[in-house]
Amino acid sequence: MTRPIIALDFATPQEVQGFLRNFSQQLYVKVGMEYYLQNGPDVIRSLKEQGHSIFLDLKLHDIPTTVHKAMKGLAGLGVDMVNVHAAGGIEMMRAAKEGLIEGSSSEVPKLIAVTQLTSTTELQMQQDQLIQSSLLESVLHYASCAHKASLDGVVCSVHESTMLREKLGSEFYKVTPGIRLAGGEQHDQKRVATPADAKTLGSTHIVVGRAITASSDPVAAYHQIKQEWSRSV
Ligand code: C5P
């Protein structure tokens, strides 16, 4: 059972360390662009030294050679999971995977793809990207491309997990943000789900930010989410 992945959406190492000091155990954390791009690779080294597992959420999307080289470097940091945009194409995703393999001295980081961002509506996708299918069909298409490129899974909404489990199997990662405890504050997320819903609907990993980081008792919130996520079938 994978632990809930806590989104460290903070700007400074002081804020991150202040938050982590609440916890006595090692965690699985997500470092995104906000924190990484302002503070650099040292933040990863520091989290590794503290024994935390790390999903580095940089959503790379560039030509295959560039992504290959970037992934080779990121693998050297010893992160556990990284991602790309599936819109970069199968060749780019394969190059990303090869870069990770070349840059890893031990276990190769898991590689997942962003399909359609959960902030994108069907209308925006059709107008901005000129994709005329439904949002669900586009997500499935991108996920199938990621599967074909031998990636480990995708980032998707909880509400897409069931379809992806049916089409691509339960081993293929469905890493899902937008998690809230029942009755909790939704913030800017449009479609939220509880940890129990996520498990039932086929998510393999949950990413949780503000339900923990903005809680008045982050440790209690974390344990409640972890328990609900572990208990559900
Ligand atoms: O605070 P909250 O739980 O909404 O944070 C969710 C985290 O997951 C944030 O770091 C957000 O950037 C990320 N995320 C998301 N939707 C996506 C991809 C990533 O909410 N489609």
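No lab work stands behind these numbers, since they all come straight from the coordinates. Just so you know, these numbers come straight off a predicted model, no measurement behind them. For neighbour counting, all protein chains shown are included, and Cβ atoms are generated from backbone atoms with ideal geometry for every residue, glycine included.
Checking the cross-link pairs K110/K167; K148/K190; K69/K190; K69/K110 against a 27 Å limit on the alpha carbon distance flags K148/K190; K69/K190 as lying beyond it.
Computed extension gain for R191 through R231, at 0.36 nm per residue and net of the alpha carbon distance, reaches 12.2 nm. Here the 3J(HN,Hα) profile of the range 12-19, calculated from phi with Karplus coefficients 6.51, -1.76 and 1.60 at θ = phi - 60°, is 10, x, 5, 5, 4, 5, x, 5 Hz, Gly and Pro shown as x. Each principal axis of the Cα cloud of the chain was evaluated for its coordinate range; sorted largest first, these ranges are 44, 40, 31 Å. Histogrammed with a bin width of 5 Å, the alpha carbon distances of the range 79-155 distribute as 3, 17, 26, 21, 15, 9, 5, 3, 1 percent, first bin at zero.
Just flag the GluC sites (Glu not before Pro) in the range 148-181 sitting in loop per DSSP whose Cβ has no more than 14 other Cβ atoms within 10 Å.
Working: sites: E160, E166, E171; in loops: E171.
In loop regions of the range 148-181 (DSSP not H, G, I, E or B), the sparsely surrounded GluC sites (Glu not before Pro) are E171.
Within 10 Å of each residue's Cβ, count the other Cβ atoms and sort D42, D197, D80 from fewest upward. Write out the running numbers ahead of the final one.
Numbers: D42 10, D197 20, D80 16.
Listed from fewest to most nearby Cβ atoms, that is D42, D80, D197.
Build a GNM of the chain with springs between Cα atoms under 10 Å apart, and of A87, A182, A113 the one that fluctuates most is A182.
For the range 97-173 versus the range 1-77, the spacing of their alpha-carbon centroids is 20 Å. Computed from the C-beta positions of R21 and D42, the FRET efficiency with R₀ = 25 Å rounds to 0.85.
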